[in-house]
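Encoded as structure tokens, the structure appears first; notes follow it.
Rule-based calculations on the coordinates, nothing more; no lab input. Nothing here was measured: the structure is a model prediction, and the numbers come from that model. Glycine also receives a Cβ, built like all others from the backbone with ideal geometry; neighbour counts cover every protein chain displayed.
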Ligand code: KIV
Ligand code: ZN
């Protein structure tokens, strides 16, 4: 019998380091949705937020701690006592809570940002860990900007943190400065030199500023790290954090080299990646490793010939292993729930009966207007529902007139709480007119930050997907919707973005509403 490979713990910080980058913000409900999918993927730790940073961030982290039970739930805190108290308040109800505290240790951060002496940083780090350990069973300590810190000093800080009770020591390449050999060497040196390092879990946290975050993380693992921190799709500050799916699939594809397993259900990778895209409205680049649209596509004749003869000629991992939908079942208006569920399951979506019923209604709606519905179109329809906020407003009907000799105008009817409201407006184009009519109904005038439409599959009959990004005051909101009619998709995406914006606020009352 071959020995069971040792484990590398997967620490997902999509909801903290990932979410804090521009354009990726999520509501508390979306964070819970994402955390549930991370639980299905099987990650060991979910970093749910930085509770002291805002009341909304606190509430979201607390909801994840209370509502998601499988993985350890971790939250971030600086070394200040009030940060640690707030962190504990947010995470204390988790089945397995963890506090993650950090302070910078590089000369430039200590002198220019913290304005603290190295001795004060060392003392503060130990004190923070002590404080956190008084309440939390697991305490992680990070030396921010570790890769630009003096190694002797880093060793002393880590030693003090371990003595104070840290159970996980994290080595961040905060600004993505390190190179793979050098980073591996640093991890090795720290493991050898820091007393007590053998009693804690050694973790690595790499950013991608020079495009080597995955290589650095894998070098850290080879040097002895047994926890890796990263994000889904590699989202995060600046050029992002390491993409966890890349690390996970490298471990799985090269057991000869690493002899370690991440212990996750890799068939959930694609669904996890797509859910994040659906929630944030930001897609991955087509050539992104593991989850990009082209990651398993073979275009060149020689490659196609090879793949037809034996897929292993050009595929080092199978699309099925990451849950990519390879089931080419084409659905149509006579297809039933079972066929729909099969296509969705092949794409990693396991829906509850209720969600499947809703997805089936949406599917029938599209299938009535279109001869065949491709698997990627089915996925787009379901993603829209995943990303759907509470439906304060729903699109009931719309009409648009436009042409070369007339000003575009639109009439839109929305329904809220059973009351229908209709407005007409003109605009620079039909979309602008529709959005203006919707603004009139909801009594808001958000700025349109971005608007895109794309065909989910090829052909003029394809399902079109609209993504709308709007801003009101400081709140950014993203809506997404799919339909065979791009005008309808656009209006529904705009309404979805409005719904997110007004979630938790009192509903503005539009004059002239009527019950249908
Ligand atoms: O990049 C970094 O240094 C961090 C720490 C808070 C771990 O995100
Ligand atoms: Zn980071």
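What the table below lists for this structure:
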read-out: Proxy reagent accessibility, fewest Cβ within 10 Å first, across 43, 135; value: 135, 43
read-out: Rounded to 10°, Cα long-axis angle of helix 180-193 versus longest principal axis of the chain; value: 50 degrees
read-out: Hydrodynamic radius of the range 325-387 per Kirkwood, over alpha carbon pairs, in Å; value: 11.3 Å
read-out: Span from the the range 262-299 Cα centroid across to the the range 425-451 one, whole angstrom; value: 32 Å
read-out: Cα-derived Rg to Rh of the range 152-211, Kirkwood definition; value: 0.98
read-out: Cα-based convex hull volume of the chain per residue, rounded to whole Å³; value: 180 Å³
read-out: Likely footprinting exposure, 214, 101, 402, 27, fewest C-beta neighbours within 10 Å first; value: 402, 27, 214, 101
read-out: Descending semi-axes in whole angstrom, ellipsoid equivalent of the range 4-137, from the Cα gyration tensor; value: 26, 17, 15
read-out: Rh (Kirkwood; distinct C-alpha pairs) - the range 238-381, Å; value: 16.9 Å
read-out: Three principal axis lengths of the range 99-194 [C-alpha, angstrom, descending]; value: 37, 28, 20
read-out: The chain: antiparallel DSSP beta bridges as a percent of all, rounded to 5; value: 50 percent
read-out: Viscosity 1.306 mPa s, 10 °C: Kirkwood-radius Stokes-Einstein D of the range 112-161 over Cα pairs, µm²/s; value: 137 µm²/s
read-out: Theoretical ellipticity at 222 nm over the chain - DSSP helices of four or more residues, -39500 (n - 2.57) apiece, nearest 500; value: -12000 deg cm²/dmol
read-out: Whole-Å distance, taken between Cα centres, linking the range 348-402 and the range 479-501; value: 11 Å
read-out: The range 6-280 - Rg over Rh from alpha carbon coordinates, Kirkwood radius; value: 0.94
read-out: For 393, 88, order by how many other beta-carbon atoms lie within 10 Å, fewest first; value: 88, 393
read-out: Angle in degrees between helix 430-442 and the longest Cα principal axis of the chain, rounded to the nearest 10; value: 80 degrees
read-out: Between 0 and 90°, nearest 10: helix 118-135 axis offset from the chain longest Cα axis; value: 70 degrees
read-out: When the convex hull of its Cα atoms is projected in every direction, mean area for the range 198-279 (nm²); value: 6.0 nm²
read-out: Percent of alpha-carbon pairs separated by more than 24 Å within the range 394-502; value: 20 percent
